[in-house]
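Take a look at the structure set out below.
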Amino acid sequence: MIKKINDYITTIINKLYSKKSTIEIKKKVLHTILKNDLSAELKDNEEEILFGCGCFWGAEKGFWRLPGIISTAVGYSGGETENPSYREVCTGLTGHTEVVRVIWNHNEIDLSDLLKLFWECHDPTQGNRQGNDCGSQYRSSIYTTSKNQLDKAKASKESYQKELKKYGFGEITTEITNKNKFYFAEEYHQQYLAKPGSRPYCSAMPTKVKFKTFKGANFKLNETIWSHYNWDISHCILRGRNTPIKNIP
């Protein structure tokens with residue numbers, strides 16, 4: 001019965017909104033800041049992962065600034081409806097969450113560094129919301145693309161949970177799974193905060209609890225990198241520059 005109801009709701013959504021994004025961008029779209037093709041195939045030294053940290057506008061900016069990042073893109077993942085549009089996802093009925101697709105050079109930056117930014121840039125204990133944005137599309141999530149990534153993500157969660165409890169936070173609600181489909185969001189959402197006339201907005205509510213380490217961690221970035229992310233400042237991501245941070249040895 002539940003499956004039939006879900007299928008019925010999906011059918012209604014598909015009839016209501018005919019404009020859909022696709023799993024692949026139909027034309028070549030360059031990253032506004034990094035100038036790389038958003039749909040380019042990965043090279044041997046590159047990996048990808050999907051992070052959900054609330055509204056994807058601010059989350060994407062946080063990741064594209066890190067040294068060693070090849071490209072970022074925003075989109076939808078974790079749901080059942082194929083090729084969802086932004087309007088569909090906003091209904092909360094497709095099951096998707098807003099995510100950032102991060103591609104990095106693993107010779108320059110490690111997944112450990114990305115996980116540090118992920119855990120610190122939002123509150124992973126809020127369930128289906130982030131700040132004032134409510135709904136399952138804003139839930140915290142990590143969608144990995146390999147078993148190694150999955151293991152590290154889970155280990156980092158266990159480690160950060162211990163730190164959060166020291167400061168009175170509840171259980172982490174972050175969804176962590178492997179091999180989820182990624183659907184590109186509409187082009188106007190890509191690198192939104194770097195575009196002229198964009199509305200400066202970020203819903204993330206960082207806990208201000210520092211992420212330390214975890215079993216299997218292999219941090220590669222210089223500690224000075226993190227001075228560019230001051231979670232004590234309200235909406236820190238919005239106040240930072242758009243340009244990538246240089247990793248000075």
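Here are a few things to note about the model shown:
- Hits in segment 218-246 (condition: assigned to a loop (DSSP other than H, G, I, E, B), farther than 21 Å from ILE70 by Cα and either touching a helix residue (DSSP H, G or I) at 6+ places or on another chain (Cβ under 7 Å) or among the hydroxyl-bearing types (Ser, Thr, Tyr) (or both)): ASN230, TRP231, ILE233, SER234
- When THR145 is tested against (1) touching a residue at least 60 places away in the same chain (Cβ under 8 Å); (2) of a type in the set (Val, Ile, Thr); (3) farther than 30 Å from GLU88 by Cβ, just one condition goes unmet, and that condition is (3).
- Residue pairs meeting the criteria (Cβ under 8 Å; at least 6 apart or on separate chains; first at positive phi, in segment 223-249; second surrounded by 12 or more Cβ atoms within 10 Å (Cβ to Cβ) and outside any loop (DSSP other than H, G, I, E, B)): HIS235/GLY58
- Restricting segment 125-167 to residues that are among the aromatic types (Phe, Trp, Tyr) and within 16 Å of the chain's Cα centre (by Cα) leaves a set whose member that is nearest to VAL100 (Cα to Cα) is TYR143.
- Some residue of segment 15-26 being touching a helix residue (DSSP H, G or I) at 6+ places or on another chain (Cβ under 9 Å), modelled with pLDDT of 95 or more and either buried (at least 19 other Cβ atoms within 10 Å of the Cβ) or of a type in the set (Phe, Trp, Tyr) (or both): no
- Taken over segment 136-167, residues that are touching a Gly at 6+ places or on another chain (Cβ under 9 Å) and not hydroxyl-bearing (Ser, Thr, Tyr) amount to 8.
- The criterion of at least 2 residues that are of a type in the set (A, V, I, L, M, F, W, C), under 21 Å from LYS212 (Cβ atoms) and modelled with pLDDT of 95 or more is met by the following helices (runs of 4 or more DSSP H) wholly inside segment 82-169: 111-120, 147-166.
- Qualifying residue in segment 196-203 (condition: touching an Asp or Glu at 6+ places or on another chain (Cβ under 6 Å), in a loop (DSSP other than H, G, I, E, B), surrounded by 14 or more Cβ atoms within 10 Å (Cβ to Cβ) and of a type outside the set (Asp, Glu)): yes
The values are calculated or read from the model by the stated rules, or taken from the named source; none is laboratory data. Note that the structure is predicted; figures quoted are calculated from it, not measured. Reconstructed Cβ throughout: ideal geometry from the backbone, glycine too, with neighbour counts over all protein chains shown.
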